[in-house]
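The values are calculated or read from the model by the stated rules, or taken from the named source; none is laboratory data. Treat the numbers as computed from the prediction; the structure is a model and nothing was measured. FYI the Cβ positions are ideal-geometry reconstructions off the backbone, even for glycines, and counts take in every protein chain you see.
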Amino acid sequence: MLNFSVGPVMMEQETLRIGSEQIPYFRTEQFSETMIENEVLLKKLTHATEASRVIFLTGSGTAAMEAAVINIFNENDKLLVVNGGSFGARFKEICDVHGLSAEELHLNFGETLKSEHLEKYDRKGFTGFLLNVHETSTGILYDMNLVKEFCERNQLILVADAISSFLADPYDMSEYGVNATILSSQKALALPPGMSFVLLDEKAQERVLQNKVKSLYFNFKNYLADGLRGQTPYTPAVGVLLQLRERLLAIEHVGTDKTIEKVAYIAQDFRTRMKQLPLELAPGSSFSNAITPLRPTGEITADRICNYLRDDYQIYVCPNGGSLSKVLFRVGHIGAITIDDNRKLIEAFLDMQKKGLL
Ligand SMILES: *Cc1c(COP(=O)(O)O)cnc(C)c1O
């Protein structure tokens, strides 16, 4: 099996080995030490400020998106949400469910965020800004310097979902002026799904402490307090957190720059090789290294390509949902995949072409 999806992704041998072990009891000094180490390393790899804290939430990335929004904002806020695809739309949905005032900055398919888009929202009374650094449904990577300037100019609290860009594209929480960064275990961290992480800078922590949250499980106040001694209020995905420490140490050892370079190299290799195929890059100009969004140019629809790859070659790529399901699919470049794996994928495409299936 080869998995070129965007999560869960292929895992390293050492991650798999740790995953095969028994799960220890976690209310122990030893586990607390692991968690404190996880916090230090996550802060370091995201370039968070010294005073930042990490919330370790057991739940998928969406749980962290929702929890971050309800802990940081309330009904007095006016939020601007960048909606360039299904993950941007999810932020808006979260705001709507919780009765938070949120306006959408809608981008067309393949369109990137430009200063012209943002200027319209200057001095309009917004207090918060929500975006996905990489809109995983289209592959578009947003310009964080542009976002930073806009948020500084308007004094907005900036919440960035960096789930699919972290470790695939450069990310610097301090440099981008991000107040809260959302991460998840199953993307480029290449861990099993189940854990998500919210990094809060001082300003975001202040908001969390002052806010009233109508949730028990997702109330960050308890996580902040228990986190001081390396614990979480409720049983976390202990096994994933043990795997996390090993991964973070390994990434720190290699360096984030080199880790990102490897993803960029795998992506570039694939994008060069695919030129021989009846597939074209989806519209857009600023793509993340994490995925390549592709449009079939022949008769066959995107969803059928994904099905053939899965059924005939045991290769997973990512179909798109909704209105894009027939016209777009995505090949991921994150996780433990190699140039040789790219070669196998291209061979499968060529074989499909030979059989008249592409
Ligand atoms: C994967 C992803 C998520 C999280 O999705 P879950 O299925 O809830 O883990 C959130 N935002 C982005 C940009 C993603 O790529």
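Here are a few things to note about the model shown:
- Checked against (1) outside the structural domain of N219 (by TED's automatic domain parsing); (2) more than 16 Å from the ligand (Cβ to nearest atom), G7 meets all criteria but (2).
- Any chance A204 is closer than 20 Å to S288 by Cα, of a type in the set (G, A, S), in the same structural domain as A68 (by TED's automatic domain parsing) and at pLDDT 95 or above: no
- Once region 145-166 is narrowed to residues that are part of a loop (DSSP other than H, G, I, E, B) and within 10 Å of the ligand (Cβ to nearest atom), the residue that is nearest to Q205 (Cα to Cα) is A162.
- Region 85-106, residues that are within 12 Å of the ligand (Cβ to nearest atom) and not in a helix (DSSP H, G or I): G85
- Test: residue in region 51-71 that is assigned to a helix (DSSP H, G or I), more than 17 Å from the chain's Cα centre (by Cα) and either within 16 Å of the ligand (Cβ to nearest atom) or modelled with pLDDT of 95 or more (or both): yes
- Residue in region 313-320 that is assigned to a loop (DSSP other than H, G, I, E, B) and either under 22 Å from H134 (Cα atoms) or of a type in the set (V, I, T) (or both) present: yes
- Residues in region 246-272 that are under 21 Å from Q22 (Cβ atoms) and buried (at least 18 other Cβ atoms within 10 Å of the Cβ): R247 alone.
- For E299: the one exception among (1) outside any helix (DSSP H, G or I); (2) of a type outside the set (S, T, N, Q); (3) in contact (Cβ under 8 Å) with a residue 12 or more places away in the chain: (3)
- Region 162-184: number of residues that are of a type outside the set (A, V, I, L, M), in contact with a Lys or Arg (Cβ under 9 Å, 6 or more places away or on another chain) and at negative phi: 6
- Test: residue in region 127-143 that is more than 22 Å from the chain's Cα centre (by Cα) and either part of a loop (DSSP other than H, G, I, E, B) or of a type in the set (F, W, Y) (or both): yes
- Yes/no for L79 being away from the ligand (no atom under 16 Å from the Cβ), surrounded by 20 or more Cβ atoms within 10 Å (Cβ to Cβ) and in the same structural domain as L41 (by TED's automatic domain parsing): yes
- Residues in region 169-187 that are more than 10 Å from the ligand (Cβ to nearest atom) and more than 18 Å from A102 (Cβ to Cβ): 11 in all.
- Residues located in region 301-347, provided they are surrounded by fewer than 20 Cβ atoms within 10 Å (Cβ to Cβ) and among the hydrophobic types (A, V, I, L, M, F, W, C): V327, A336, I339, I346
- Breaking point among (1) surrounded by fewer than 19 Cβ atoms within 10 Å (Cβ to Cβ); (2) of a type in the set (A, V, I, L, M); (3) touching a Pro at 6+ places or on another chain (Cβ under 8 Å), for M11: (1)
- Condition met for I18 (closer than 20 Å to T235 by Cβ, surrounded by fewer than 18 Cβ atoms within 10 Å (Cβ to Cβ), in contact with a helix residue (DSSP H, G or I) (Cβ under 6 Å, 6 or more places away or on another chain) and in contact (Cβ under 8 Å) with a residue 24 or more places away in the chain): no
- Unique match (being within 16 Å of the ligand (Cβ to nearest atom), under 22 Å from the mean Cα position of the chain (by Cα) and part of a helix (DSSP H, G or I)) among V198, V240: V240
- Residue check, E37 more than 30 Å from A267 (Cβ to Cβ), among the charged types (D, E, K, R) and surrounded by 12 or more Cβ atoms within 10 Å (Cβ to Cβ): yes
- Residue match in region 206-215 (condition: surrounded by fewer than 21 Cβ atoms within 10 Å (Cβ to Cβ), more than 16 Å from the ligand (Cβ to nearest atom), among the hydrophobic types (A, V, I, L, M, F, W, C) and not in a loop (DSSP other than H, G, I, E, B)): yes
- Within region 220-245, being more than 21 Å from Q22 (Cα to Cα) and not acidic (D, E) holds for F220, K221, N222, Y223, L224, A225, G227, L228, R229, P233.
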